[in-house]
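Data block below; observations after.
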Amino acid sequence: MKSVLGDRKAIMLLLTPALLVYTLIILIPVLWSFGLTFFTGNVLTGFEFNGIENFTRLLTDPYVHDAFWFTLKYAVIVTLFQVVLGYGLAMLYQFVLRRSSVIVRTLVFFPVVLPTVAIAILYQKLFQSAPTDGLVNELLVNVGLSSVDWLGAGDTAFIVIVIMDVWRSVGFYGVLIFSGLLDIPEDIIESARIDGAKTFSLFRYIVLPMSLPILFASFIFSINGTIKVFDSVFALTGGGPGNSTTPLTLYMYRTAFQFSDFGYGSTIALLLTVMCLIVTLFIFKSSRRDNTV
Amino acid sequence: MTATLDTTAVHTPRAFEPHRRTPGAVALHVLRRIPTWLTITFLIIVTAYPLFWMVINSFKSNADFLSNPSYAMPDEWHWENYAIAWETGNLATTITNSLIVTVPSLVFIVLLGTAAGFALEVLVFKGRGTILLLFLAGIMIPGQMVILPLFNAFFQSGLNGTYWPMILIYTAGGLPLTVFMMATYFRAIPREIFEAATIDGASMTRAFFSIGFPMMRNAILTVAIVQFFLIWNDLLIALIFGGKKSLNTIQVGLLNFSGEYGAINYGPLFAAICITVFGILVLYLFLNQRIMKGLAAGAVKG
């Protein structure tokens, strides 16, 4: 039977189209992009070889430092919120609401599928301070506080970005972790309860250890996504005010398409790729270690 | 939440038995439910209120929005905001453009991805593990890493300014996850089914199209839903390759509308966002369970 499953013609016919498209559009460009890091210029002016200058520039560029730290700060904070709040939601669905959780799940998940630009514009207006206060400032004024120019300063703009991105994604992590909690056999929890386990110890010794795999998966997925943040920041603040909310992705976009330096843009993209790779490998390794213990 | 955890989890199935309880037990039960209800109320307000706020503001005149509190209902309902948004925002064009790039990409992703998943999981040949890994690596690569060389290549070949760059990049970008998910789904199907087909005289290619592909109907729908949202909501590729006005996708169009026109015309801007959101809402109400499962499956496998 091996010969049937080894049908050469079928393998060629079924595999080649996908492999060809993938190779031409992803694999070769990745290598090409790596090659571009040794050049400067763009498609209109032509490219010029400049050795490792892009890399030395990358190390000393203050904008890259700012963007790098912004990306890291954003990724860590948003990932924590996404996974912790998502875990809380999942526990609510699984242990408190149980079968009646469908409606809440459906509602809280809805922002996940909305176009980012629509959400970002909505949040611009929610947090607006001029020419007229948005909803958030109206609430602040009504409780006796003063209106804040949220998007006018880097620190407060960062808060808005975090709130918005957590708002639009937490329903997803709720459902993701919930689907992991569903795998915990009910009789284990039941028997632990009969053995006298209280709510907290039940959580500490049964639920938490058994949901570690899905938590690690969520962490990997979340941090991988947040390191690549582009849409929401671009549409909400455009990286401003100044460069205070510019992640690496946006700085790379600007370098390539506003300052027309494709070579340096590729170098920043490479830094981004390496970050994704390190994070994934790191979490993958630590989750492995945990599973074997 | 912690207090209610013991009560509800023990009573399976949760039955209504109020007549058996003493009034004290009922009061205690209600008391224990309070934190849960507060949490749920909070969740509903936080999720739904911004969307409701957006809808009521889409009906206001500019004067109304600027002079009254934004949480107040409109003085007058300005339905024409929607007509203005539709016209000025070129929504007909941007929605058409989004469909023109999304639909072919989805068809290509499903066809090529399912075929490759089948070849890599069911068929036997040297190097298939390596090729699967190669596809898998693509899940981690950020879009930023490939757009610059592709911009060059498409520019040289004269394809920039057409829909092709977007369709090709979305297709290739969707393949890693799709191939991997399809391979996983095919793993659950016994190979004997396909071998039996060949005894009846079908080639393996024929077996794929007549048996494998139809058997994957549900999986294909799941994959298509996941990819639909990834492509429909993409901004980066659409901005770079669909930045020309005639090629604007709905996301790029909305972004431009907000910058050029919406900065001073609140009603139509809110109306434009509402139109963008409404189509997705309808789709979501029809498919929400499957969308949730599909996106979650995509994430864990990715």
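The values are calculated or read from the model by the stated rules, or taken from the named source; none is laboratory data. As the structure is a computational prediction, the values presented were derived from the model and not from experiment. Please note: Cβ atoms are built from the backbone with ideal geometry, for glycine as well, and neighbour counts cover all protein chains shown.
A few points about this structure:
- Within the range A:52-72, if we keep just the residues that are touching a helix residue (DSSP H, G or I) at 6+ places or on another chain (Cβ under 8 Å) and not hydrophobic (A, V, I, L, M, F, W, C), the residue that is surrounded by the fewest Cβ atoms within 10 Å (Cβ to Cβ) turns out to be A:Tyr63.
- Condition broken by B:Leu236, with the remaining ones in (1) crowded, with 24+ Cβ neighbours inside 10 Å; (2) at the interface with chain A (Cβ under 10 Å from one of its Cβ atoms); (3) closer than 24 Å to A:Val43 by Cα satisfied: (1)
- Scanning the range B:53-63 for residues that are at pLDDT 90 or above, part of a helix (DSSP H, G or I) and either in contact with a Lys or Arg (Cβ under 6 Å, 6 or more places away or on another chain) or more than 7 Å from chain A (Cβ to nearest Cβ) (or both) yields B:Val55, B:Ile56, B:Asn57.
- Residues satisfying the stated conditions in the range A:195-227, i.e. in contact with a helix residue (DSSP H, G or I) (Cβ under 6 Å, 6 or more places away or on another chain) and not in a helix (DSSP H, G or I): A:Ser211
- Answer from B:Pro104, B:Pro50 - the residue that is in a helix (DSSP H, G or I) and either of a type in the set (Asp, Glu) or over 30 Å from B:Gly161 (Cβ atoms) (or both): B:Pro50
- Total residues in the range B:193-209, condition in contact with a helix residue (DSSP H, G or I) (Cβ under 7 Å, 6 or more places away or on another chain) and of a type outside the set (Asp, Glu): 10
- In the range B:239-290, residue surrounded by the fewest Cβ atoms within 10 Å (Cβ to Cβ) [restricted to those that are of a type in the set (S, T, N, Q) and more than 17 Å from B:Thr96 (Cα to Cα)]: B:Gln289
- When residues of the range A:17-41 are limited to those that are surrounded by 15 or more Cβ atoms within 10 Å (Cβ to Cβ) and among the β-branched types (Val, Ile, Thr), the one farthest from the other protein chains (Cβ to nearest Cβ): A:Thr40
- Residue list for the range B:120-138, filter: touching a helix residue (DSSP H, G or I) at 6+ places or on another chain (Cβ under 8 Å) and either more than 9 Å from chain A (Cβ to nearest Cβ) or within 19 Å of B:Gly173 (Cα to Cα) (or both): B:Leu120, B:Glu121, B:Ile131, B:Leu132, B:Leu134, B:Phe135, B:Leu136, B:Ala137, B:Gly138
- A residue that is more than 8 Å from chain B (Cβ to nearest Cβ), surrounded by fewer than 22 Cβ atoms within 10 Å (Cβ to Cβ), modelled with pLDDT under 95 and under 25 Å from B:Val226 (Cβ atoms) occurs nowhere in the range A:110-119.
- The range B:192-250, residues that are of a type in the set (A, V, I, L, M), in contact with a Pro (Cβ under 9 Å, 6 or more places away or on another chain) and touching a residue at least 40 places away in the same chain (Cβ under 8 Å): B:Ile237, B:Ile240, B:Ile250
- Note on the range B:66-94: residues that are surrounded by fewer than 17 Cβ atoms within 10 Å (Cβ to Cβ), within 30 Å of the chain's Cα centre (by Cα) and outside any helix (DSSP H, G or I) total 2.
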